[in-house]
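What follows is a single structure, written as structure tokens, with notes after it.
Coordinate-derived values only; no laboratory data. From a predicted model like this one, the values you see are computed outputs, not experimental measurements. With ideal geometry, Cβ positions are generated from the backbone for all residues, glycine too; neighbour counts draw on all protein chains shown.
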Amino acid sequence: MYNAMKLKEIGEFGFIDRVAPLGRIRAEGVVKGIGDDCAVVAVDGPDYLLVTTDLLVERVHFLMDWAPAEVIGRKALAVNLSDIAACGGIPLDAFISLAIPEDLDVEWLDGFYQGMRGLADSFRVNLLGGDTTGSKSDLVINVAVTGRVPCDQVLLRHTAREGDVIAITGPLGESAAGLEILLGKLQLPPQVAAPLVAAHLEPRPHLPEGRFLASSGACTSAIDVSDGLSSDLGHLCQDSGVAAVVYEDRIPVSLPLARFAELTSRNPIEIILSGGEDYVLLVALKHNMAEDLQRRAHQQGMRLHPIGEFIAGRGMELVRRNNTREPFGPRGWDHFRA
Ligand SMILES: [Mg+2]
């Protein structure tokens with residue numbers, strides 16, 4: 001008899017830690033394997049090859065009646081493009097694999113590919129192939145995307161330094177609020193609900209921001225916010241061996257999120273810390289270049305909000321508006337513990 005351990009006991013990241021050492025057969029050329037937004041592989045020429053993949057499962061990640069097929073297709077690609085953005089890269093080719101329930105309408109699949117194609121077109125990404133198979137019940141969508149990034153510009157999670165400014169490329173928390181609305185827990189006025197639901201279903205991959213930051217020479221580290229600010233900032237801190245201080249009054253709160261928080265009697269900062277799937281970039285900036293970079297970003301129609309700084313040590317701290325300091329830990333999404 002062996003002592004069976006369930007996945008929920010070790011969590012998603014415990015599982016990754018167990019399998020990661022098994023994968024390294026040929027270490028040369030592997031710049032980064034498991035544990036970043038993309039795998040980074042050295043190939044001939046001035047660029048690294050980036051590879052990322054994501055799995056979406058009906059009833060785990062989405063419900064078919066949440067949105068038209070086009071919207072689900074776009075999101076399936078967008079979340080992968082976001083990982084290319086987090087490494088500062090340019091996306092190249094996408095591969096789509098589907099496990100399809102036999103009663104699914106062909107029109108749905110047409111819509112799914114149309115949606116994906118629209119987004120692929122706007123970022124010049126080929127949809128090159130994949131695999132299709134039947135499914136006994138749920139629709140399963142896997143998308144893999146390749147990209148490239150100049151070797152001296154790749155953005156990784158383990159390279160933030162003490163003294164760097166913490167910044168985000170857009171507002172957080174809207175997607176999590178939108179998910180709550182989609183799950184039917186709340187009845188809210190449409191003008192509040194619509195932008196939040198859109199933030200959840202139609203995230204924009206921050207590819208222009210990723211390239212801007214990677215080529216600036218001022219960005220030392222990056223991740224895309226898929227699991228919530230507390231979890232993803234936790235990844236940067238842990239992987240880089242630094243601590244973080246975040247200031248409540250510097251975290252932007254969008255108007256729809258502010259209204260949502262008001263109507264549900266919550267503090268928007270709590271939603272921002274724990275809510276995921278924002279797909280904005282969370283980055284570390286060299287202290288002496290951060291202000292200039294922020295100015296240049298705004299000139300180019302991009303947003304860059306400094307929200308805190310990395311310091312020596314371990315852990316994360318939130319400085320409240322009244323100046324009290326509160327430690328906080330990762331409390332975002334873990335697929336097997338949720
Ligand atoms: Mg990511």
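When the dipole is taken about the Cα centre of the chain, and only Lys, Arg (+1) and Asp, Glu (-1) are charged at their Cβ, what size is it in debye, to the nearest 20?
Working: 31 positive and 45 negative charges, 153 e Å.
That gives the chain a dipole magnitude of about 740 debye.
What does the charge dipole of the range 7-153 about its Cα centre add up to, to the nearest 20 debye, if the Cβ of each Lys and Arg holds +1 and the Cβ of each Asp and Glu holds -1? Kindly include the intermediate steps, with their values, before the conclusion.
Details: 12 positive and 23 negative charges, 77 e Å.
The dipole magnitude comes to about 360 debye.
What per residue convex hull volume, in Å³, do the alpha-carbon atoms of the chain yield? Spell out each step's value before the answer.
Values: hull volume 57.2 nm³, N = 338.
In the chain, the Cα convex hull volume per residue is 169 Å³.
Tally Lys/Arg at +1 and Asp/Glu at -1 over every other residue whose Cβ is under 10 Å from the Cβ of L139; what's the total? All intermediate terms of the calculation are to be shown ahead of the outcome.
Numbers: positive: R59; negative: E58, D138.
Local net charge: -1.
Which lysines, if any, have their Cα less than 27 Å from the Cα of K185, not counting same-chain residues under 8 positions apart?
The qualifying lysines are K8, K75.
Taking other Cβ within 10 Å of each residue's Cβ, how do Y113, Y279 sort, fewest first?
If I rank by nearby Cβ atoms, fewest first, I get Y113, Y279.
Please identify the helices of the chain, taking whole runs of DSSP H, that span at least 20 Å along their own axis as judged from the Cα atoms and have a mean Kyte-Doolittle score of 0.5 or higher.
On the way: long enough: 69-86 (26 Å, 0.77); 106-122 (24 Å, -0.26).
Counting only whole DSSP H runs, the qualifying helices are 69-86.
Within a 10 angstrom radius of the beta carbon, how do R74, R259, R266 rank from fewest other beta carbons to most? Please list the in-between numbers first.
Working: R74 25, R259 19, R266 13.
Ranking R74, R259, R266 by Cβ neighbours within 10 Å, fewest first, gives R266, R259, R74.
What number comes out for the charge environment of G163, summing +1 per Lys or Arg and -1 per Asp or Glu over other residues with Cβ under 11 Å away?
Details: positive: R161, K286; negative: E162, D164, E309.
Within the 11 Å Cβ shell, the charges total -1.
Arrange T264, T132, T52 by Cβ neighbour counts within 10 Å, fewest through most, would you?
Lowest to highest Cβ neighbour count: T132, T264, T52.
Using +1 on the beta carbon of Lys and Arg, -1 on that of Asp and Glu, and nothing else charged, what's the dipole of the range 165-328 about the Cα centre, debye to 20?
Details: 14 positive and 19 negative charges, 65 e Å.
The calculated dipole for the range 165-328 is roughly 320 debye.
Using a Gaussian network model of the chain whose springs link C-alpha atoms within less than 10 Å, name the residue from L127, L285, L22 with the highest mean-square fluctuation.
Most flexible of the set in this elastic network: L22.
Could you tell me the relative contact order of the chain? Use alpha-carbon pairs under 8 Å, at least six residues apart, and round to a whole percent.
For the chain, the relative contact order is 22 percent.
Projected onto the charge dipole of the range 13-102 (+1 at Lys/Arg Cβ, -1 at Asp/Glu Cβ, origin at the Cα centre), which of A85, I100, L22 gives the Cα projection farthest towards the positive end?
The listed residue farthest towards the positive side: L22.
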